[in-house]
Amino acid sequence: MRVFVTGATGFIGSAVVQDLINAGHQVLGLSRSDVGDKPLIAAGAQVHRGDLEDLESLHSGAAISDGVIHTAFIHDFSKFKENSEIDRRAIKALGDALAGSNRPLIVTSGISPTPGRPTTEDDPPSGSNVTPRVSEEAAEAAAARGVRVSVVRLPQVHDRDKQGFVTYMIALAREKGISAYVGNGLNRWPAVHRLDAVPLYRLALEKGSAGARYHAVAEEGVPVREIAEAIGRGLKIPVAAKSTEEAADHFGWLGFFAGMDGPASSALTQQRLGWHPTQKPGLIADLDRASAFGG
């Protein structure tokens, strides 16, 4: 299968490219520059020039492919709502090229919290009052136009070098000289190692069902206080609680997420696709040896 991958030079997308090639697929990888071209070519992929705002390029890349995996997103969360709208337009362009063809489109989303229990794959996405990300809404619109679309929901994706929102928490703690959490810090973030998340995209492409949602979750919920304590150890700085009222001022845009309790299950994904996380380092273990701390 010839697969068009957006975000092909990014943290997750670059590993998706290699996984697809190792499995015998051909890859057309989206790249914005000569710098991005080089690792794609070295991995054995073809290069397709463009970016998330070049809708013509996205449409043409999808049109000449047997399937699309969309991992790209502009990770400037101070402009989360604006970047989510860019993502919506990108998904529409990809979907327009695939409509009525039965060629799969795999879209990336986050995991919204479900009050009182872990979120499952059968839970619909929360409304925009919870999170500005609209990728699932855009996927549903594509499905209504005859696109065979499914969604991979990501938690905090980590390795030694990056850890999702935790990477931003590390930078903030370094800047402010304190590693903070909100309230008692028992609110939880789900997590997965990058090398566990990556194969799920291929399985969704090869075996997934139209309209399905899949969870790349290895740890259902890591308490944010434990995350803050690991950051404190790594940076050798104090760890302290912030009240809900103090959170917005201390965390900035991250304050919305810092107090969120959002455990999630992947039981249905494991049952339906045969995906099973196997990487040993959990989020805290990766933080304890993180390169950000010289680990």
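Whenever a residue of the range 157-178 is in contact (Cβ under 8 Å) with a residue 24 or more places away in the chain, its partners that are buried (at least 18 other Cβ atoms within 10 Å of the Cβ) and among the basic types (Lys, Arg), lying with C-beta atoms within less than 6 angstrom and at least six residues away or across chains, give the pairs Val157/Arg194; Asp159/Arg194. Contact map, the range 223-236: first residue free of Cβ contacts under 8 Å to residues at least 40 places away in the same chain, second residue buried (at least 20 other Cβ atoms within 10 Å of the Cβ), Cβ cut-off under 9 Å, separation 6 or more or different chains; pairs are Pro223/Tyr181; Pro223/Gly185; Pro223/Asn187; Pro223/Arg188; Pro223/Trp189. Annotation: of all residues in the range 2-24 being more than 17 Å from the chain's Cα centre (by Cα) and in a loop (DSSP other than H, G, I, E, B), the one that is farthest from Asp159 (Cα to Cα) is Gly24. Of all residues in the range 165-202, those that are part of a loop (DSSP other than H, G, I, E, B) and on the phi < 0 side of the Ramachandran plot total 4. Per this entry, Glu56 is counted among residues that are among the acidic types (Asp, Glu) and either at positive phi or more than 22 Å from the chain's Cα centre (by Cα) (or both).
Thr244 falls short on exactly one of the conditions (1) modelled with pLDDT of 95 or more; (2) closer than 17 Å to Met260 by Cα; (3) not basic (Lys, Arg), and that condition is (1). The residue pairs whose first member lies in the range 109-132 and is surrounded by fewer than 20 Cβ atoms within 10 Å (Cβ to Cβ), whose second member is in a loop (DSSP other than H, G, I, E, B) and modelled with pLDDT of 95 or more, and whose beta carbons are closer than 6 Å, counting only pairs six or more residues apart or on different chains, are Thr114/Asp123; Thr120/Ser265. Take the residues in the range 63-79 that are modelled with pLDDT under 95 and surrounded by fewer than 16 Cβ atoms within 10 Å (Cβ to Cβ), then tell me which one is nearest to Ser109 (Cα to Cα). Result: His75. The residue that is modelled with the lowest pLDDT, among those in the range 25-42 that are surrounded by 13 or more Cβ atoms within 10 Å (Cβ to Cβ) and outside any helix (DSSP H, G or I), is Arg32.
Being in contact with a Phe, Trp or Tyr (Cβ under 7 Å, 6 or more places away or on another chain) and not assigned by TED's automatic domain parsing to the domain that holds Val166 holds for only one residue in Ile74, Ile69, Ile111, Ile91, and it is Ile69. When Val217, Val147, Val198 are checked against the criterion of being crowded, with 20+ Cβ neighbours inside 10 Å, touching a residue at least 12 places away in the same chain (Cβ under 8 Å) and under 25 Å from Gly116 (Cβ atoms), a single residue qualifies: Val217.
Residues that are in contact with a Leu (Cβ under 6 Å, 6 or more places away or on another chain) and either crowded, with 17+ Cβ neighbours inside 10 Å or in the same structural domain as Ser150 (by TED's automatic domain parsing) (or both) do occur in the range 262-276.
The values are calculated or read from the model by the stated rules, or taken from the named source; none is laboratory data. Note that the structure is a prediction, hence the values are computed from the model and not measured. Using ideal geometry, Cβ is built from the backbone for each residue, glycine included, and neighbour counts are taken over all protein chains shown.
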